Structure formats: structure tokens, C-alpha cells
Amino acid sequence: MTMPAVDLDAVTIIDGVVALCGLIGAVFLAMAVRWRKRRHPLVGGFQSISALAFFLAAAVVGLIGSGLLGYQRLVFEQPAAELTFHLVADQDFNADITYPDGSHQQFELRGDEWQVDARVLKWTGFANLVGFNAAYRLERISGRYRDIQDERTLPRTVHLLHPPDRVDTWNITRRYQRWLPGIDALYGSATFLPMADDARFEIKVTQSGLIARPLNEPGRDAVAGWQ
């Protein structure tokens with residue numbers, strides 16, 4: 001399944017920042033070579049350090065930008081997925097997930113309830129003005145047992161909802177958040193509801209996290225009888 005990417009404006013801005021940092025780095029590198037030829041090692045050394053700093057900045061921005069391609073743009077409350085459950089055996093369900101782009105995934109879930117987790121990345125007001133909207137990515141789906149003893153002893157099921165990251169943007173931004181301008185907050189969000197045969201639910205994402213609602217009668221009955 002291919003997840004929708006962040007908006008093209010943000011990608012264009014990231015590409016522009018990478019190009020600008022690379023260009024400035026190249027200019028400093030050329031100046032460093034020039035000053036070294038003139039036998040001014042101190043000035044040349046300063047220019048070399050400046051060039052390295054801009055090249056590193058270009059690399060960091062490029063890595064973060066490539067990782068953001070796996071996140072979806074979040075403007076207002078919007079659909080993230082629909083889930084339908086089919087009972088296989090007691091506390092054993094097949095879960096069908098349909099995404100807004102029409103793609104599907106299927107998983108087996110054990111338990112009485114389902115849970116979906118997501119990561120949300122929010123930008124400051126200035127970053128929003130230049131084209132960066134809050135972004136989210138659904139991370140995993142898992143089965144939950146209503147009884148805590150079952151949760152401790154019975155088989156657990158959990159599945160990734162996206163391919164493994166080549167570049168872990170989440171950890172990069174979390175680790176270096178204080179030095180990365182424009183990032184307001186990074187947080188996880190989760191929602192869970194009961195599973196039932198033929199029950200269908202929708203998941204939506206808001207600026208404050210995930211919400212889930214039943215879409216058909218079996219889903220509403222499951223939620224109404226939920227304890």
C-alpha cells in the first residue's frame with residue numbers, strides 16, 4: 001500500500017532549502033580554496049568550516065524532507081481509514097482496512113477491541129504560513145483484551161500499517177527538535193473501540209489526534225454494549 005504524501009508546496013520548500021544550503025556551502029568552499037591559495041590558512045579554515053556547516057544543514061533538511069513524504073497532510077478533521085471486522089472464532093477477527101486513496105490491508109486481530117496508533121507532527125504558526133501543515137501517519141493496529149488478565153496471558157496481535165522507514169524522521173526530529181526551527185510538537189495518538197462481527201468503523205484525524213466512530217448498526221450496537 002502506498003500512503004499519500006504531504007502537500008507539494010511543503011516538498012518544494014524543502015527542496016529549495018536544500019538547494020540554497022548546498023549553494024551557499026559551495027560558495028564558502030570555493031572561497032576557502034581561494035584563500036588557501038593566497039596562503040591565508042585561518043581565513044580559509046573559517047570558510048571551510050562554514051561550507052561544512054551548510055552542507056550538513058542541507059543533508060539534515062534533505063533527510064527530514066524525505067522522511068516527511070510518508071506523512072499525510074492534516075488541515076482539518078479528515079478521514080484516515082475505515083475498518084470492517086469479521087468474526088472467525090471467539091476473540092479472533094479478520095480486520096479489513098480501507099484508506100481514502102482506495103488501497104486496502106487485511107490483518108488478523110485477537111481480542112475484544114481494536115486499537116490504531118498514529119504519529120502527529122505539528123508546526124509553528126510561521127511554518128504553517130509558508131506551507132507546512134500538520135502531518136500524521138498511521139503507525140500500527142493491534143488487538144486488545146477487555147479483561148486485564150486476558151491481556152497478560154492470551155496471544156497478542158499487532159501489525160505495522162506502513163513500510164519500515166529508510167530514514168526515521170520521527171526520531172531525528174525528536175532528538176534534534178531544539179535545533180530545528182518551525183517544529184511545534186511531536187506526539188503519539190491512539191483510538192480504540194470494540195470489535196464485533198460485520199461492524200464497521202471510521203477513523204478520522206484532528207489537530208488533537210485520532211477519533212473513531214461506528215458506521216453501521218453492528219458497530220453502533222457494539223459501542224452501545226461496550227463496558
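If packing is taken as the average count of other Cβ atoms within 10 Å, what order do 191-201, 208-218 fall into, highest mean first? Working shown, then result.
Details: 191-201: 20.0, 208-218: 15.3.
My ranking of the peptides, most packed first, is 191-201, 208-218.
Full extension of the chain between D198 and Q149 yields a length gain of 15.0 nm, computed as 0.36 nm times the residue separation minus the alpha carbon distance. The stretch between T98 and Q207, if pulled fully straight at 0.36 nm per residue, gains 37.1 nm over its current Cα-Cα span.
Only the coordinates and a few stated rules stand behind these numbers; no lab work does. What you see is a predicted model; the values in this text were computed from it and never measured. Because the Cβ atoms are built from the backbone with ideal geometry, glycine has one as well, and the counts that use them run over all protein chains shown.
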